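Right, one structure below, let's go through it.
The values are calculated or read from the model by the stated rules, or taken from the named source; none is laboratory data. Since the model is a prediction, treat every value here as computed from it, not as a measurement. With ideal geometry, Cβ positions are generated from the backbone for all residues, glycine too; neighbour counts draw on all protein chains shown.
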Amino acid sequence: MVVIARYETGARDQIVGELTIAANSRSGLTITTPELFQGGGALAGRPNTPYALEVRAERPVAAMFSHYDLALLDGYRAALGESFTTRVDTRWTFGKVTKGSGNTQFILFYNTTSQTQKVTAWFYPTSGGTPIRAEFTSPGLDGLEGFRRGGFAINDVQGLSNGDYGVVVECAVPIVASLSSYNPTARTAEGVIGNSGLGTTTGIIPEGQFGLNGTSESIGILNANSSSAQVIFSFLFSNGSAYRHAETVAANSSKTLNVGSLPDFPQGTAYGVFFESNVAVAVNAQAPIFNDGVSTAQGDRAYTLWGFGEGFRPGDNSGHPGVPEYLRLYNPSPTDTVVEITITYDGVPGSDVFRRTLPARRVTELNLDQFVVGNRRLSNQWYGTFIKAPTPIVAYFAHWDRSFPGAFGTLGTPLGNNLSVT
């Protein structure tokens with residue numbers, strides 16, 4: 001397996017790591033730390049030059065990227081994390097992007113081809129009307145150069161008033177697009193891969209936090225179609241109950257649903273958010289939790305095999321409040337299903353396999369601490385997680401480092417057979 005840094009300017013490529021990973025095991029790279037950077041030992045160490053990371057492997061792997069930021073929050077710490085995506089597309093969408101209000105946000109993209117092409121972003125106001133257009137071109141080029149990274153700083157987009165927008169990013173060749181957000185006032189940071197295409201008519205956001213680990217939660221909805229969208233949200237709780245709410249989103253507009261404004265909304269129980277719409281919509285959720293924040297894209301496909309490359313448990317053989325981690329697993333099937341969860345370790349032979357039953361059409365939360373067992377609990381453990389199911393499911397992982405502090409959550413890397421989430 002090889003990991004390549006693709007720089008936005010200057011020399012384009014740098015191989016930052018070549019790894020041989022044994023079967024059923026986990027490995028990784030520390031790309032940079034402040035100490036490595038100052039000492040000249042950072043793997044991707046070109047000062048102040050943004051880059052994308054591309055992973056190439058001869059067999060399918062589950063890869064994740066975690067970023068612990070010390071600078072963009074005015075001295076406060078925050079974390080971002082996201083799974084590498086296997087999807088590329090000529091169009092990506094975001095349900096909610098914010099200019100102003102203390103936010104510093106970036107839409108970032110990577111050209112997966114050798115061709116130079118323009119990248120265009122369309123910002124859809126909540127009031128509807130004509131979307132605002134922004135175009136990215138590399139210096140001296142009529143577009144984004146092949147195998148390069150580019151992006152928009154939202155606060156710098158000309159003609160864009162402060163407020164919330166849904167965004168469509170388009171290119172003539174396949175790209176990957178993501179959104180990263182920093183808010184020094186709220187002391188939160190989030191990162192999320194975009195939604196492929198114009199969105200979907202059905203999808204699931206496994207992470208639901210209002211009234212549990214967060215005091216607020218917003219769901220951004222983008223309807224980039226010429227007809228209005230009738231969107232029905234079903235909040236599916238781990239105890240089997242459900243709460244439903246309908247939203248109408250006008251054509252060519254975006255809208256924000258604040259979960260805290262819903263009357264008599266149940267609190268204190270883990271939940272996921274399933275939606276269905278008469279036209280394709282892009283949906284993203286944001287919640288300030290664990291002294292930081294998480295942002296989640298919709299899962300529009302369920303798979304029989306999911307993987308997560310990130311996982312860490314401090315070795316203290318107790319409840320260790322330092323690094324809570326959990327899985328949210330959604331079973332869209334009308335019947336219960338038994339999944340197999342495999343924990344694979346970094347540099348330690350062997351793996352541990354567990355089985356759990358997921359109730360039908362419900363989100364189940366599992367504390368990953370319970371899967372690190374025996375003598376492994378006596379020392380620090382870095383691990384990866386694979387979830388295998390007989391019928392397709394959706395898998396989500398969240399990580400909270402209390403000592404840093406910082407939190408992030410992400411859908412997994414899909415590795416098996418799939419179907420639409422219904």
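Okay, here's what the table says:
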| read-out | value |
| --- | --- |
| Residues of the stretch 273-299 classified as outside any strand (DSSP E or B) and surrounded by fewer than 22 Cβ atoms within 10 Å (Cβ to Cβ), total | 2 |
| Residue check for Leu70: touching a helix residue (DSSP H, G or I) at 6+ places or on another chain (Cβ under 8 Å) and either modelled with pLDDT under 90 or surrounded by 14 or more Cβ atoms within 10 Å (Cβ to Cβ) (or both) | yes |
| Filter result (touching a residue at least 12 places away in the same chain (Cβ under 8 Å), outside any helix (DSSP H, G or I) and surrounded by fewer than 17 Cβ atoms within 10 Å (Cβ to Cβ)) within the stretch 30-44 | Thr30, Thr32, Leu43 |
| Selection from the stretch 194-203 of residues that are under 19 Å from the mean Cα position of the chain (by Cα) and either outside any strand (DSSP E or B) or surrounded by fewer than 20 Cβ atoms within 10 Å (Cβ to Cβ) (or both) | Gly194, Gly197, Leu198, Gly199, Thr202 |
| Selection count, the stretch 171-195, where residues are within 15 Å of Ser83 (Cα to Cα) and of a type outside the set (A, V, I, L, M, F, W, C) | 6 |
| Positions within the stretch 351-400 being without any contact (Cβ under 8 Å) to a residue 60 or more places away in the chain, more than 16 Å from Glu325 (Cα to Cα) and either surrounded by fewer than 19 Cβ atoms within 10 Å (Cβ to Cβ) or hydroxyl-bearing (Ser, Thr, Tyr) (or both), in sequence order | Asp352, Val353, Phe354, Arg355, Arg356, Thr357, Ala360, Gly374, Asn375 |
| Residue satisfying condition, being closer than 22 Å to Phe312 by Cβ, at pLDDT 90 or above and not charged (D, E, K, R), within set Ile387, Ile393 | Ile387 |
| Failed item in (1) modelled with pLDDT under 95; (2) more than 27 Å from Ser181 (Cβ to Cβ), with Asn278 passing the rest | (1) |
| Unique residue being more than 30 Å from Pro405 (Cα to Cα), assigned to a loop (DSSP other than H, G, I, E, B) and not charged (D, E, K, R) when the list is Pro321, Pro334, Pro266 | Pro334 |
| Residue that is among the aromatic types (Phe, Trp, Tyr) and either out of contact with any strand residue (DSSP E or B) (no Cβ under 9 Å at 6 or more places or on another chain) or farther than 20 Å from Arg149 by Cα (or both), where the choices are Tyr110, Tyr68 | Tyr68 |
| Selection status of Arg313, surrounded by 20 or more Cβ atoms within 10 Å (Cβ to Cβ), of a type in the set (Lys, Arg) and touching a residue at least 60 places away in the same chain (Cβ under 8 Å) | yes |
| Given (1) under 17 Å from Ser216 (Cα atoms); (2) crowded, with 23+ Cβ neighbours inside 10 Å; (3) touching a Ser or Thr at 6+ places or on another chain (Cβ under 6 Å), number of the condition Gly260 does not satisfy | (2) |
| Conditions (1) at pLDDT 95 or above; (2) within 30 Å of Ala11 (Cα to Cα): number failed by Val97 | (2) |
| All positions within the stretch 52-71 that are outside any strand (DSSP E or B) and in contact (Cβ under 8 Å) with a residue 60 or more places away in the chain | Pro60, Val61, Ala62, Ala63 |
| Selected residue (criterion: farthest from the chain's Cα centre (by Cα)) from residues of the stretch 364-396 that are within 23 Å of Ala63 (Cα to Cα) and part of a helix (DSSP H, G or I) | Arg376 |
